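**Q** Following this message is one structure expressed as structure tokens.
The values are calculated or read from the model by the stated rules, or taken from the named source; none is laboratory data. All values reported here derive from a predicted model rather than from experimental measurement. Please note: Cβ atoms are built from the backbone with ideal geometry, for glycine as well, and neighbour counts cover all protein chains shown. Accessible surface areas use protein heavy atoms only, side chains included; no ligands, DNA or RNA. Shrake-Rupley method; radii C 1.70, N 1.55, O 1.52, S 1.80 Å.
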Amino acid sequence: MAAAPPPAPARVQPSLRERFDAMRNLPPFLRLVWATSPGLTAASLGLRLLRALLPVAMLYVGKLIIDEVVRLAGAAPGAPDLAAAWHDGRLDPLLWLVLAEFGLAVVSDLLGRLVAYAEGLLSELFTNATSVRLMEHAATLDLEDFEDPELQDKLDRARRQTMGRMNLLGQLFGQAQDAVTVVSFAAGLVIYAPWLILLLAVALVPAFVGESHFNALGYSLNFQWTPERRQLEYVRQTGASVETAKEVKIFDLHRFLIERYRRLAEGFYRANRALARRRALWGALLAAFGTLGYYAAYAYIVWRTLRGDFSIGDLTFLAGSFLRLRQLLEGLLIGFSQVAGQALYLDDLFSFFAIEPEIRSRPGAVPVPRPVERGFAFENVGFRYPDAERWAVRHLDFELRAGEVLALVGENGAGKTTLVKLLARLYDPDEGRILLDGRDLRDYDLDDLRANIGVIFQDFVRYHLSAAENVGVGRIEAMDDRERIRDAARRAMADEVIEALPGGYDQLIGRRFKTGVDLSGGQWQKIAIARAYMRDAQVMILDEPTAALDARSEYEVFRRFKELSHRRTAVLISHRFSSVRMADRILVLEQGRIEASGTHAELMAAGGRYAELFELQAAGYR
């Protein structure tokens, strides 16, 4: 593993304008939430609206209770006769008021639980829907996008947002609820002393500005550390996974990995700690202004009560209203700042959704001919990977004829896999063009083109699914066709492997889950090859998928492949020259160019690189 890279350059703190601009993400976010479940969204908003009016109602009923108690105490000085007061009805108004306050408290609690229930369900549905949309959009992107580290960072941030943004919904709905409550409290205070509301609002502005500032710093920190966080996850997985366990033990890597993790984690922790300290210090100082404003208003209310302008109930109502109003306004201002910060994170999600693939079907794209009549033609094709100086392949001119088995040979980095990626249109050429039956490959419908090409790459995926599903993924629409799956397994010589499993075709394979059974590398490869047969495509490509097989097994796989590829176009890539000699034609690639072409006999007779490499390999078996 390479040494840890230096920390990424610090992202400039978003300006105030950028933070306000980020609020543009809220309408599409709310549309996504509404589309997830209109019923739950409307229910949550309606319940919150009702709950928003209860605090002022409860406080006002409390004022009436206090005034009634004071009245009763003044009407009958000394210890009251409770039984007499009960029988003559003097306590009835007080009892009704207490009962009303109790009822409001019960309703408030019930509404709170219903809101939590509705938003909990909505949160789960939104996370699921957004995750599905993320996977659907990722499926449309180009292979080039997934090989770009910057886009990997963006994908990682977007993936986090699918799980972490539903608290924004609670904040937004809570802000709306608090705003309604503020209006109701403010309406009551306006009757007594409207200028107190202005005093309170001004006193809370510094805390709002400070919170907004530190929210922006928090976003900058998380953005800056995205590559390091991906490294943390990678090191954690490497240090504790079944795939790496053997080498970690043999090479005694655990100390190295633990130290790497500690170093990265410590750096992130120190950066977070420094920000948390500054936030706590400035937050306490700025919040003191709000506290000062509250007590100035409280002193004014007490003075007016002593003058006789307000009753004791009024004092309680005003003091309680002002305290709640202060808390609510502070929460609204800070909440607005937090919402603006959350909206910055939404940029990560929506900017990922905004990425458009370059490789797509053109308007009016045509289906792939069935059957393919002439085959493929490469005309002066050149391709260079993004940001690479060296051409991966260049000046490729050759034909892949319909029904032909073509082998590609060459040393590592010669361009064999790149050629296959171009053929499957995972990339488009930077120079020249590729024709299929005389028509540019880009004129064909992309989904139809790939449906007609079956490819098994050297780095095939080991799906932790059942054996049948591991084969069935080769053609999703036939996943339930068990007979087709069995036939594909027989063709790939994987049927014996699967039938020997405890659960047969229904056996979960791989060690990720408890009931899974792991396979050897060669067994995995046979199942992967079965996927290509499952596809039943017009063009079959095996890109070194037999590396874990012994020479005899590979030869048998390729021999059967040639037999089963009758009347199909096929491409074989292998380092074992003894296996590819059965191909109809062999292309020898060197540094992205075609060095030679011909049958095995023709290339051996020519005495070039192919003959040299063949003899070197054959000598190893003597």
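**Q** Of all residues in the stretch 566-614, count the ones that are acidic (Asp, Glu) and either in contact (Cβ under 8 Å) with a residue 40 or more places away in the chain or in contact with a helix residue (DSSP H, G or I) (Cβ under 9 Å, 6 or more places away or on another chain) (or both).
**A** Residues meeting the conditions: 3.
**Q** Checking residue 378 against (1) under 34 Å from the mean Cα position of the chain (by Cα); (2) aromatic (Phe, Trp, Tyr); (3) crowded, with 16+ Cβ neighbours inside 10 Å, which single condition isn't satisfied?
**A** Unmet for residue 378, out of (1) under 34 Å from the mean Cα position of the chain (by Cα); (2) aromatic (Phe, Trp, Tyr); (3) crowded, with 16+ Cβ neighbours inside 10 Å: (1).
**Q** Which residue is surrounded by the fewest Cβ atoms within 10 Å (Cβ to Cβ), if the candidates are limited to the stretch 551-577 and must be at pLDDT below 70 and under 20 Å from residue 412 (Cα atoms)?
**A** Once the filter is applied, the top-ranked residue is 551.
**Q** So, one more: If you check 229, 255, which single one turns out to be open to solvent by 40 Å² or more (accessible area, probe 1.4 Å), within 22 Å of the chain's Cα centre (by Cα), at pLDDT 65 or above and under 30 Å from residue 462 (Cα atoms)?
**A** Every option except 229 fails the conditions.
**Q** If you don't mind, there's one more thing I want to ask. Which of the residues that make up the stretch 366-375 are open to solvent by less than 30 Å² (accessible area, probe 1.4 Å) and part of a loop (DSSP other than H, G, I, E, B)?
**A** 368, 372
**Q** Among (1) more than 17 Å from residue 217 (Cβ to Cβ); (2) at pLDDT 75 or above, which single condition is residue 275 missing?
**A** Failed condition: (1).
**Q** Between 361, 351, which is within 30 Å of residue 33 (Cα to Cα), hydroxyl-bearing (Ser, Thr, Tyr) and touching a residue at least 60 places away in the same chain (Cβ under 8 Å)?
**A** Every option except 351 fails the conditions.
**Q** When you go through 409, 420, 393, 381 one by one, which is the residue that is within 18 Å of residue 457 (Cβ to Cβ) and modelled with pLDDT of 90 or more?
**A** Among 409, 420, 393, 381, only 393 is within 18 Å of residue 457 (Cβ to Cβ) and modelled with pLDDT of 90 or more.
**Q** Something else now. Would you say residue 442 is farther than 30 Å from residue 509 by Cα, modelled with pLDDT of 85 or more, open to solvent by 40 Å² or more (accessible area, probe 1.4 Å) and touching a Leu at 6+ places or on another chain (Cβ under 9 Å)?
**A** No, not satisfied.
**Q** Test residue 46 against the stated conditions and say whether it is loosely packed, with under 15 Cβ neighbours inside 10 Å and at pLDDT 70 or above.
**A** Judged against the criteria, residue 46 is a match.
**Q** In this structure, is residue 387 charged (D, E, K, R), touching a residue at least 60 places away in the same chain (Cβ under 8 Å), open to solvent by 70 Å² or more (accessible area, probe 1.4 Å) and out of contact with any helix residue (DSSP H, G or I) (no Cβ under 8 Å at 6 or more places or on another chain)?
**A** No.
**Q** Do you know which of the residues in the stretch 508-546 that are modelled with pLDDT under 80 and at positive phi is most open to solvent (accessible area, probe 1.4 Å)?
**A** Applying the filter and picking the extreme gives 536.
**Q** For the stretch 93-142, which residues satisfy the criterion of being open to solvent by less than 70 Å² (accessible area, probe 1.4 Å), touching a Phe, Trp or Tyr at 6+ places or on another chain (Cβ under 9 Å) and of a type outside the set (A, V, I, L, M, F, W, C)?
**A** Result: 119, 137, 142.
**Q** Among what's in the stretch 396-406 and is acidic (Asp, Glu) and either touching a Lys or Arg at 6+ places or on another chain (Cβ under 9 Å) or closer than 21 Å to residue 540 by Cβ (or both), pick the residue that is modelled with the lowest pLDDT.
**A** The residue in question is 404.
**Q** For the stretch 579-616, which positions are open to solvent by 40 Å² or more (accessible area, probe 1.4 Å), among the small types (Gly, Ala, Ser) and at positive phi?
**A** 607
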